[in-house]
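Before any comments, here is the structure.
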Amino acid sequence: MKLTLKIWRQKDSKSKGDFSTYELESVSPDMSFLEMLDILNEKLISQNIDPVAFDHDCREGICGSCGVYINGRAHGPKRGITACQLHMRSFKDGDTIWVEPWRAKPFPVLKDLVVDRSPLDRIMQSGGFISARTGSAPDANAVLIDHDTAELAMDAAACIGCGACVAACKNASAMLFVSAKVSHFALLPQGHPEREARVLNMVAQMDKEGFGACTNTGACEAECPKSISITNIARLNREYLKASFK
Amino acid sequence: MRWITVFLNSSIGKKIIVSFTGIFLCSFLVVHLSGNFLLFRNDAGEAFEVYSHFMSTNGIIRFLEIGLALGFILHIFNTLRLTLENKKARPVPYAVYKPSENSTLTSRSMFYSGLLVLAFLIIHLNTFFVTHRVIGTDVTMYESVVESFKSPVYSWFYIFAMLLLGLHLNHGFQSAFQTLGMNHKKYTPLIKFLGLLFSIVVPAGFATFPVYFLFFHQ
Ligand code: SF4
Ligand code: FES
């Protein structure tokens, strides 16, 4: 495959960035999107051009670090996958592909396609934890949880903190992420001691970081690589309402 | 009392106020629409006059009117705040952005449909409320209605505004329940269906008045 790539290049968070155009030949349809970027970078290095910086780690859709905006969509044109799980067969020979970093005020661009996602970490620090008894391991199944609730909690726990929900939302809202974390803990008995404080603190931190507010467009759910449902956002609102008035 | 200000200034707090007032304003639409159907009685506006006289003089109704004004003010004030904050959250736009792949146009243009409905509301209040209740006039409310709708410009504008109201309600109705935390696998499909029905029936109901007076009324 022959591709034209329009990639956002930005030296550091203080510089102004712009798009650079690169032509890439003999791209295999079986390559992942990140492998295609690797090939591009090898070519750039051989030409003494600074390679394109992008985040990646696991390359199998579980770490959440590889988020980029591809042709106007978070993680590219396919649903329910990360950029590292996207294959070049999703594109056509001769295509032009636009690659941009996540755009949100709380996610400043560090370099090229890499953004600073530490606001999500600070939200986690403000309440995304439980108190657990130290000492010997508790007996398995000592705390009974019905199957459906466990499934709901596990679905919420699938969030990998990639930030695609923020990136895709027209309001740059982080509510899908926060709702996934709040739901994961609120659904399980282990999360109950900090239940109210957690939701109040996490929402306060989310607002402080400067994320927008959800207008229920559902863009986040559609673009989330883990297909986290916006029913979690309803649960977040419920939890917040209850905790505020308690 | 600090918790109240924290709640009212939080993103979710503001959203909840918008949803709550939104549902309240929906109930007002129903009342307003059902009263207006008296316009269809073939009595040269007699029943409608009695009704509009009652609405403008009854103490309880006047009191409820304050609540209604407050409902509008809170709904608009909080959406304005949220919209400004949301705009601020994405200072650099995407070069290529395809929101149509992940959401509906109606859900994304609530601010604009709301703004146009507000423009309609101001003109509408000026034609009827201000003329009759603030300035005062010898013309009856019924005569005013007939007169206004005889103008094709006003009637078509009214119909257009109802279309926008329909779009606004189409997303707004079910969205309000979601924001209030009411999302349930048994009831949400029902709420969505009711929302769709509401967003068609209520604006279409209102649109029957200009259509009637413009085309069918002698
Ligand atoms: S909710 Fe989905 S899109 Fe948002 S951070 Fe988690 S995995 Fe990524
Ligand atoms: S690199 Fe880990 S999810 Fe893509």
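A few notes on this one:
- Helices (runs of 4 or more DSSP H) contained in the stretch A:125-195 and holding at least 1 residues within 16 Å of ligand 2 (Cβ to nearest atom), touching a His at 6+ places or on another chain (Cβ under 7 Å) and modelled with pLDDT of 95 or more: A:147-157, A:164-168
- Filter result (away from every other protein chain (no Cβ under 14 Å), in contact (Cβ under 8 Å) with a residue 60 or more places away in the chain and away from ligand 2 (no atom under 12 Å from the Cβ)) within the stretch A:48-81: A:VAL52, A:ALA53
- Among the residues examined, B:PHE28 does not qualify as over 26 Å from B:PHE213 (Cβ atoms), at pLDDT 95 or above and touching a helix residue (DSSP H, G or I) at 6+ places or on another chain (Cβ under 8 Å).
- Candidates in the stretch A:192-228 are the residues that are facing another protein chain (nearest Cβ under 9 Å), among the small types (Gly, Ala, Ser) and surrounded by fewer than 24 Cβ atoms within 10 Å (Cβ to Cβ); of these, the one that is nearest to ligand 1 (Cβ to nearest atom) is A:ALA222.
The values are calculated or read from the model by the stated rules, or taken from the named source; none is laboratory data. Nothing here was measured: the structure is a model prediction, and the numbers come from that model. Virtual Cβ from ideal backbone geometry, glycine too; neighbours counted across all protein chains shown.
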